[in-house]
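Every number here is computed from the coordinates shown, using simple stated rules; none is lab data. Worth saying up front: this structure is predicted, and the values here are computed from it rather than measured. Ideal geometry is used to build each Cβ from the backbone, glycine not excepted, and the neighbour counts take in all protein chains shown.
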Amino acid sequence: MIVANRKSLEEILNMLKPYKKVLLLGCNECVTVCAAGGEREVGVLASELKLSRAKDGQEIEIKEQTLERQCDHEYIDQVRPFVGDYEVILSIACGAGIQYVGEKYRTKIVLPGVNTTFLGVTLEQGVWSERCQGCGECVLHMTGGVCPIARCAKSLLNGPCGGSSNGKCEVDKDLDCGWQLIIDRLKELNQLDRYEEIIPVKDWTTSRDGGPRKRLREDLRL
Amino acid sequence: MKTKSNIERILESGGFVVTSECGPPRGADPEVIRKKGNLLKGVVDAVNVTDNQTSVVRMSSFSSCIILKEMGFDPILQMVCRDRNRIAIQSDILGAGALGINNILCLSGDHQKFGDHPKAKNVFDIDSIQLINTVKILRDDGKFLGGEEVKGKPVLFIGAAENPFADPFEIRAARLGKKVKAGCEFIQTQCIYNMEKFTKWMEMVRDRGLHERCAILAGVTPFKSVGMAKYMKNSVPGMDVPDGMIERMKGVAKEKQSEEGIKICVETIQKLREIPGVRGIHIMAIEWEEKVAEIAQSAGLLPRPQV
Ligand code: SF4
Ligand code: SF4
């Protein structure tokens, strides 16, 4: 899933300073799972905002709405009947959703209420961890199913570096060394011989380095 | 001989190599480099110049290499992958070739988190093993990574670093093997304090026959004090300082500690020279360059063969 983090109340209040009527939009997908921007968080954020503004004598009207998805126009269209009643939209979907709402309502200012951070998994209740950087050319079959790009702090394709110590990365004692994980898994899979092969320089054109990406499936187009 | 490198020449004649390093200043004063250089005159066969070590901004390795070259040294250009992509890296390698730099040391580079600009964006377009191979392709095949022909090949002797004490230990010799396969001709190791572990690593290296294809220069760093020994043990990633070393430093009076540090270093060198496959010593006296001559002298490494 895409993992995001709610921005601080202070930062959001700051962005909302000039406004009195706000449409607060959550999303039912990834940000719900990572507890940053789902229906619950919409409710919590709305009450926090109203409370703070009331304390300062600056009442605020907030319309709470959580869309099935903010990355598909059919769902974004659902707020069309009343979007005009609000001065500003505060979206707590991922960065893609926030932008897409803005693309659909071009005269509306859309403010980000979360910081979108990574593609990851739920490790345990309340803990999420990065797994993929969407490089566009997956190498997991060569590295024991553990991503060297997302999970090594230096994205080394032929690690580990000299800073790997007791399974931890040189960058942070609490961070697993991605290359230790790769070696461990290769061993478990009986594929340690793979480690002897040099992975050649990567073609980054499929990653963000090639410019904004677009995917097209002719067979699916109408 | 493939290159004009002093290290390669001494290795080919069967000699034992001595290198040291020079950390560039945090400013534009060339005298700092010259002063450090003067302390190493006649003591070493080649001098490493670090590349923004520990991610702290310093005078570039490249320009410091040129200053040392003008003084008659054979500098080793250290190059990390943290700050340059393949375009900048290849361009610098061509420049090094043009200006008569004969050696390069290919490194991944410390993460910028440790330095004075932790908010920087890092590059890591290629890694150290791919960098080794890049230099080799430029030099031996006369090709750029993009496939085009190089007009005027850069002739550099190719080195890398290896840390025998990093984890996972079992693949450390295999990783060296990858470096050798990529084109690495000499290795300078992380500072050695844990002799037992290093001996074991060398066994693994010899089992793979890597010592015959790549010269291993064993790294040493003298302790200035017990404080430094403790710091190296606890705070420097990938450093292995056995408790016995700390105890030995603790056991002498404060004003005698630096002397003890030098003594340990000299003893270490003597032991390292006995290990089959060790072809040289790399003395890293961090901000203590004035001691390199004394260490080399006491360890019987002087005089150096004439350039
Ligand atoms: S190799 Fe690329 S696509 Fe595969 S997991 Fe890593 S970043 Fe994602
Ligand atoms: S310690 Fe491991 S994860 Fe961290 S940079 Fe080095 S190889 Fe990558």
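With both bridge residues required to lie in chain A, what share of the DSSP beta bridges run antiparallel, to the nearest 5%?
Numbers: 13 of 28 bridges.
Of those bridges, close to 45 percent are antiparallel.
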Order of B:201, B:288 under a 10 Å beta carbon neighbour criterion, fewest first: B:288, B:201
Degrees separating the helix B:86-98 axis from the principal Cα axis of chain B, which is the longest one: 80 degrees
Measure out, as a whole number of angstrom, how far apart the alpha-carbon centroids of the stretch B:1-30 and the stretch A:99-122 sit. 54 Å
Cut-off under 5 Å, modelled amide H: who pairs with residue B:48 long-range: B:20, B:21, B:22, B:76
For the stretch B:179-191, what does the Karplus curve 6.51 cos²θ - 1.76 cosθ + 1.60, with θ = phi - 60°, yield as ³J(HN,Hα) per residue in whole Hz, taken in order and with x for Gly and Pro? 5, 5, 4, 6, x, 6, 10, 9, 10, 10, 8, 4, 3
How many angstrom lie between the C-alpha centres of the stretch B:234-307 and the stretch A:16-31? 63 Å
Expected 222 nm ellipticity per residue - DSSP helices of 4 or more, -39500 (n - 2.57), all of chain B, to 500: -11500 deg cm²/dmol
May I have the convex hull volume per residue, in Å³, for the Cα set of the stretch B:14-85? 100 Å³
Need one number: the % of Cα-Cα pairs in the stretch B:224-268 sitting beyond the 15 Å mark. 37 percent
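Filter the GluC sites (Glu not before Pro) in the stretch B:261-300 to those in DSSP coil with at most 15 other Cβ atoms within 10 Å of their Cβ, and list the result.
Details: sites: B:267, B:274, B:287, B:289, B:290, B:294; in loops: B:274, B:287.
Loop-located and lightly packed - B:274, B:287.
If I take every Cα pair under 8 Å that is 6 or more residues apart in chain B, average their sequence separation and divide by the length, what percent do I get for the relative contact order?
Values: 577 pairs, mean separation 57.0, N = 307.
It comes to 19 percent, rounded to a whole number.
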Cut-off 10 angstrom, C-alpha nodes, Gaussian network model of chain B. Which of B:115, B:219, B:159 fluctuates the most? B:115
In degrees, nearest 10, the alpha-carbon axis of helix A:39-55 is tilted away from the dominant principal axis of the alpha carbons of chain A by 50 degrees
Least to most buried among B:61, B:258, A:47, A:164, by other C-beta atoms within 10 Å and fewest first, runs A:47, B:258, A:164, B:61
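Beyond 20 Å, what share of the Cα-Cα pairs of the stretch A:1-127 remains, rounded to the nearest whole percent?
Working: 3072 of 8001 pairs.
It works out to 38 percent of all Cα pairs.
Could you tell me whether the stretch A:173-222 comes out rounded, prolate or oblate from its Cα gyration tensor? Rule is a ≥ b ≥ c as square roots of the eigenvalues, rounded for a/c under 1.5, then prolate if a/b exceeds b/c, otherwise oblate. All intermediate terms of the calculation are to be shown ahead of the outcome.
On the way: a/c = 2.37, a/b = 2.07, b/c = 1.14.
Verdict is prolate for the stretch A:173-222.
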Once you place label points 7 Å from the Cα toward the Cβ at residue B:231 and residue B:141, how far apart are they in nm? 4.4 nm
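Chain A: D in µm²/s via Stokes-Einstein (Kirkwood Rh, Cα pairs, 25 °C, 0.890 mPa s)? Let's see the in-between values first.
On the way: Rh = 20.1 Å.
Here the translational diffusion coefficient equals 122 µm²/s.
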Give, as a single signed number, the net charge of other residues whose beta carbon lies under 13 Å from the beta carbon of residue B:226, with Lys and Arg counted +1 and Asp and Glu -1. +2
Show me, for the stretch B:161-175, the HN-Hα J-couplings you get by feeding each phi into the Karplus relation (A = 6.51, B = -1.76, C = 1.60, θ = phi - 60°), rounded to Hz, glycine and proline as x. 10, 9, 10, x, 9, 6, 9, x, 4, 4, 9, 5, 6, 4, 5
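Determine the shape class of chain B: with a ≥ b ≥ c the square roots of the Cα gyration tensor eigenvalues, call it rounded for a/c under 1.5, and otherwise prolate if a/b is greater than b/c, oblate otherwise.
Details: a/c = 1.42, a/b = 1.36, b/c = 1.05.
Verdict is rounded for chain B.
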For the protein assembly as shown, how big is the tail of P(r) above 31 Å, as a whole percent of Cα pairs? 55 percent
Tilt of helix B:195-207 relative to the longest C-alpha principal axis of chain B, in degrees (0 to 90, nearest 10)? 40 degrees
If you filter the stretch B:142-245 for GluC sites (Glu not before Pro), then keep DSSP loop positions with at most 14 other Cβ within 10 Å, what is left? B:148
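Given the Cα atoms of the stretch B:39-162, and with Rh set as the inverse mean 1/r over their pairs in the Kirkwood sense, what is Rg to Rh to two decimals? Numbers along the way, then the final one.
Numbers: Rg = 14.4 Å, Rh = 14.8 Å.
Result for the stretch B:39-162 is an Rg/Rh of 0.97.
Can you give the calculated 222 nm mean residue ellipticity of chain A, where each DSSP H run of n ≥ 4 adds -39,500 (n - 2.57) and the sum is split over every residue, rounded to the nearest 500 deg cm²/dmol?
Working: 8 runs with 62 residues, N = 222.
Computed ellipticity for chain A at 222 nm equals -7500 deg cm²/dmol.
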What residues from the stretch A:14-29 fall in the zone where the backbone N is under 13 Å from a label point 7 Å along the Cα-to-C-beta line of residue A:80? none
Taking chain B as a Gaussian network, Cα atoms linked when under 10 Å apart, which of B:276, B:24, B:222 shows the biggest mean-square fluctuation? B:276
Residues in the stretch B:159-178 reached by a label modelled at residue B:199 [backbone nitrogen below 16 Å; 7 Å Cα→Cβ]: none
Please report, to two decimal places, log10 I(q)/I(0) for the stretch B:185-243 at q = 0.14, 0.26, 0.27 Å⁻¹ as given by the Debye formula with identical point scatterers on the Cα atoms and no solvent. -0.45, -1.08, -1.13
Value in Å of the Kirkwood radius, where the stretch A:133-207 supplies the Cα pairs that are averaged: 12.6 Å
